[in-house]
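Taking it in order: structure first as structure tokens, then the write-up.
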Amino acid sequence: KRHFTSATDLERLEVLSLLDLADSFVALNRQKAKKLDLLKGRTLMNLFFENSTRTQSSFELAGKRLGADVVNMSPRSSSMAKGETLIDTAVTLNAMQPDLLVVRHASSGAASLLAQKVDCSVINAGDGKHEHPTQALLDALSLRHAFGDISGLSVAICGDVAHSRVARSNLIMLQMLGAHVRLVGPPTLIPGAAKNWGVEVFHDMREGITGVDVVMMLRLQLERMTGALVPSTREYFRFYGLDREKLACAKPGVKVMHPGPMNRGVEIDSDIADDLTVSLIQNQVEMGVAARMAVLASLAARLDNA
Ligand code: CP
């Protein structure tokens, strides 16, 4: 496909091939290799309507390391502040002939909508509660580095599943790669439809992470909650925050992931987040650049062959 707006855009073999390509970029990045020219003459536009530290900077680095011209468009200082719509903005940018448009937006489906309006390739960098497919790819890359193979791993995705695009994309990609996925969280933060997703659902955290290889924590997305749904963060940590005592229920050698940004002391104890024998969190950030380089290189190769 020309776009990457959902983890469902990829078949298993395509994911494996992207992970292999990303591996080669991990090695080059670690050697601080010179810029490549796979995207020479191509233009990448970053269009982030929601805040980002990891995703935006890693797409920028990924584009530059592959030789692309990269433009970061800031909606706050754009004509959207004067009332221009999302679609008019995208069509305007499209007229400048970019090759790749990376979009983050608070509305589910925004990236797919834009993909129908522009000629270039659109990459979803997070759309509302819907999907964050490059996060799932970088998480798979981190797991492959930690365990060698993802097939057969038991992964507990814990916390605010209801508001998490990371959970949705990871669920799709992890199952595609043969992992067993559990969802763990309070009933208010696990969608009722989860029982149809081929997962085990747990509302008791200790039970939910018992014997798992991987605990993937999610940020409590208070900004997407209103009224009675907003939990007390102290109570949330007591029941669903990852601390040493709860983590002891997991398999020896368990690895802990978090997409960031973290709410320390809300969903995860600093003691675990900063323990590099257990935590893959910094590794996930490193893998983000390589995984996004692989996505950009693969989409650019399709443009070359079109
Ligand atoms: N994981 C993630 O998407 O982080 P940012 O919001 O910092 O991009």
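The values are calculated or read from the model by the stated rules, or taken from the named source; none is laboratory data. Predicted model only: the values in this text are computed from it and were never measured. Note: ideal-geometry Cβ built from the backbone for every residue, glycine included; neighbour counts use all protein chains shown. Just the protein is used for accessible areas: all its heavy atoms, side chains included, with ligands, DNA and RNA removed. Shrake-Rupley method; radii C 1.70, N 1.55, O 1.52, S 1.80 Å.
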If you check T89 against the conditions, is it within 15 Å of the ligand (Cβ to nearest atom) and either among the aliphatic types (A, V, I, L, M) or in contact (Cβ under 8 Å) with a residue 12 or more places away in the chain (or both)?
no
Condition first: open to solvent by 30 Å² or more (accessible area, probe 1.4 Å) and either away from the ligand (no atom under 16 Å from the Cβ) or closer than 19 Å to M80 by Cβ (or both). Now tell me which residues in the stretch 40-54 satisfy that.
K40, G41, R42, T43, F49, E50, N51, S52
Please go through the stretch 136-160 and give me each residue that is outside any strand (DSSP E or B) and either open to solvent by less than 10 Å² (accessible area, probe 1.4 Å) or basic (K, R) (or both), ordered by number.
A136, L137, L138, D139, A140, L141, S142, L143, R144, I150, G159, D160
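Being crowded, with 16+ Cβ neighbours inside 10 Å and within 18 Å of S154 (Cα to Cα) narrows it down to one residue among M293, M217, M225, M287; which is it?
M217
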If S57 passes every condition in (1) in contact (Cβ under 8 Å) with a residue 12 or more places away in the chain; (2) within 16 Å of the ligand (Cβ to nearest atom) but one, which one does it miss?
(1)
Scanning the stretch 60-72 for residues that are among the aliphatic types (A, V, I, L, M) and within 14 Å of the ligand (Cβ to nearest atom), the one nearest to L299 (Cα to Cα) turns out to be A62
Take the stretch 247-268 and flag every residue that is more than 16 Å from the ligand (Cβ to nearest atom), buried (at least 18 other Cβ atoms within 10 Å of the Cβ) and of a type in the set (D, E, K, R).
K255
For the stretch 94-111, state whether one or more residues are closer than 22 Å to R54 by Cβ, among the basic types (K, R), within 16 Å of the ligand (Cβ to nearest atom) and out of contact with any Gly (no Cβ under 6 Å at 6 or more places or on another chain).
no
Does G178 meet the test of being farther than 19 Å from S17 by Cα, at pLDDT 95 or above and either open to solvent by 20 Å² or more (accessible area, probe 1.4 Å) or touching a Lys or Arg at 6+ places or on another chain (Cβ under 9 Å) (or both)?
no
Check on Q116, open to solvent by 60 Å² or more (accessible area, probe 1.4 Å) and farther than 20 Å from E131 by Cα
no
